[in-house]
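The values are calculated or read from the model by the stated rules, or taken from the named source; none is laboratory data. Worth saying up front: this structure is predicted, and the values here are computed from it rather than measured. Cβ sites come from the backbone with ideal geometry, for glycine too, and all protein chains shown count toward neighbours. Just the protein is used for accessible areas: all its heavy atoms, side chains included, with ligands, DNA and RNA removed. Shrake-Rupley method; radii C 1.70, N 1.55, O 1.52, S 1.80 Å.
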Amino acid sequence: TWTKLRLLDLERNSIRDDGVASLAKNTTWTSLCTLELSENIIYNEGAIALAKNTSWTLLYNLYLGGNKIKHQGAAALSKNTTWTSLHTLGLHSNWIECKGTVALVKTTAWTSMHPLDLQNNGIEDKGAIVLAKNTKWTSLHTLYLGGNSIKKQGVQALAKNTAWTAPHTLNLSYN
């Protein structure tokens with residue numbers, strides 16, 4: 001039953017939506033802090049299933065980069081109110097676009113977000129502007145936005161955010 005499991009690393013295992021749905025139904029891993037599911041074959045359905053988990057109240061790090069999650073999956077994840085300890089979200093190399101960014105910034109549960117990785121998601125200027133309006137993530141210190149076609153308007157909006165009081169890394173490479 002692995003009741004004391006703190007880290008589950010399943011990166012690059014060809015896990016699909018049905019596998020993620022099975023994982024998400026687990027109710028015994030109440031000590032889980034880190035879930036690594038990057039570089040699998042997870043679509044919106046998997047993200048939606050994952051978002052329904054209410055047992056992982058200590059989840060601190062969630063890595064879903066390099067999958068096939070779009071804005072609907074990001075929206076489902078953002079609606080999870082159980083993961084109030086979430087500090088790190090890795091969604092790089094999916095395709096959440098501006099709509100997914102809008103959903104993420106609306107979340108009320110993730111107030112302690114530190115590093116946020118949204119590289120290569122097609123969020124463009126519109127998504128960067130929406131992200132820049134976020135005032136809840138006051139402890140955000142690292143933001144990865146490379147490869148999103150963010151131009152002048154998006155960069156200017158990000159530069160104007162005064163709510164993020166501890167920023168030290170902003171990656172805008174390949175824009």
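Quick notes on this one:
- Once both labels are positioned 7 Å from their Cα atoms along Cα-to-Cβ, the gap between residue 34 and residue 21 label points is 3.0 nm.
- Solvent-accessible area per residue, Å², over segment 8-122 with all protein chains present [probe radius 1.4 Å]: 41 Å²
- Label-reachable residues, segment 65-94, where backbone N falls under 20 Å from a point 7 Å from residue 165's Cα toward its Cβ: 85-88
- Cα-projected label distance for residue 111 with residue 8, points at 7 Å along beta-carbon direction, nm: 2.8 nm
- Residue pairs exceeding 32 angstrom between C-alpha atoms, taken from 25/126; 4/79; 25/70; 52/152; 25/152: 25/126; 52/152; 25/152.
- Carbon + sulfur, % of accessible area of the chain - ligands and nucleic acids excluded, 1.4 Å: 53 percent
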